[in-house]
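Right, one structure below, let's go through it.
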Amino acid sequence: MCYNKDQTRGERLQMQYLKREIRDRILQAAVEEFKEHGFSDASIRNIANNAEISLGNVYRYFSNKESLYFAVIDPFMDSVKSAVENDFVFEGKTMGEIAETFVAFIMKYSDELIIIRKGNSVHQDNFINYIVGALAGKIKEMIQNAFPEIDEKITDPIFYDAIAEGFLTSLFKVLSYGENDEQKERYIRELLTFFFGHLVDRFYHFDME
């Protein structure tokens, strides 16, 4: 039997598209399963059912639950690292612009944040350690750039880490309890205001010297 080369190429492209489409369905179903049940209680069978494919087909794409979990969160971690390096910069930006960038980023990846919060202890600890360090560095950079007089008053060597950890813990909570995107966005803005609003006034009213 003779095959038309163009037809064969088209069939290969179609197969690649179908494979991507099935993989995307698995990942979308996995996001919802991990978000609702956490890593430990998530079920591959539920993911297969919700993706409307066979259980065996899931294992053709992902060897186990952990590999599927990392397929969900690894792109997010890459985005976090890229955002820390490229998006959350302070030079030439107002505090309002930085806040809007942060809100938009958190809203885009709110599902992944909830999934990591519900991950097993190793996954969660690795993420927390990285993000607290990165967030602490950015908070310190923000204060040193915008309010150098505040930075001069701070004597606690782990001050920025403590603020970052407290903010992240609060962020996890509001993302978990917000019922819709509008509500979550409002909660995030309230957190930002509480943690970082009117910093100069607060530090001058709490002068230990």
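Bin width 10 Å, origin at 0, all Cα-Cα pairs of segment 118-200: what percent of pairs per bin?
It works out to 16, 42, 32, 10, 0, in whole percents.
Using a probe of 1.4 angstrom, how much of the accessible area of the chain is carbon and sulfur, in percent?
Details: 6550 of 13060 Å².
Result for the chain: 50 percent of the exposed heavy-atom area is carbon or sulfur.
Pairs on different chains or at least eight residues apart, Cα atoms closer than 22 Å: how many lysine pairs in the chain fit?
27
Taking a quarter of the surface of the convex hull around the Cα atoms of segment 78-169, what do you get in nm²? All intermediate terms of the calculation are to be shown ahead of the outcome.
Working: hull surface 25.2 nm².
The directionally averaged projection comes out at 6.3 nm².
On a 0 to 90° scale, report how tilted helix 159-177 is relative to the longest principal axis of the chain, with both axes built from alpha carbons and the result rounded to the nearest 10.
Compared with the principal axis, the helix lies near 50 degrees.
Full-extension gain between residue 45 and residue 71, please, as 0.36 nm times their residue separation minus the C-alpha to C-alpha distance. Don't skip to the end; give the middle numbers.
Values: separation 26, 0.36 × 26 = 9.36 nm, distance 1.72 nm.
So the extension gain works out to 7.6 nm.
Tell me the per residue accessible area of the chain using a 1.4 Å probe; a whole number in Å² is fine.
Per residue, the chain has an accessible area of 62 Å².
The values are calculated or read from the model by the stated rules, or taken from the named source; none is laboratory data. Note that this is a predicted model, so its numbers are computed, not measured. The area values use the complete protein model at the heavy-atom level, side chains included, leaving out ligands, DNA and RNA. Shrake-Rupley method; radii C 1.70, N 1.55, O 1.52, S 1.80 Å.
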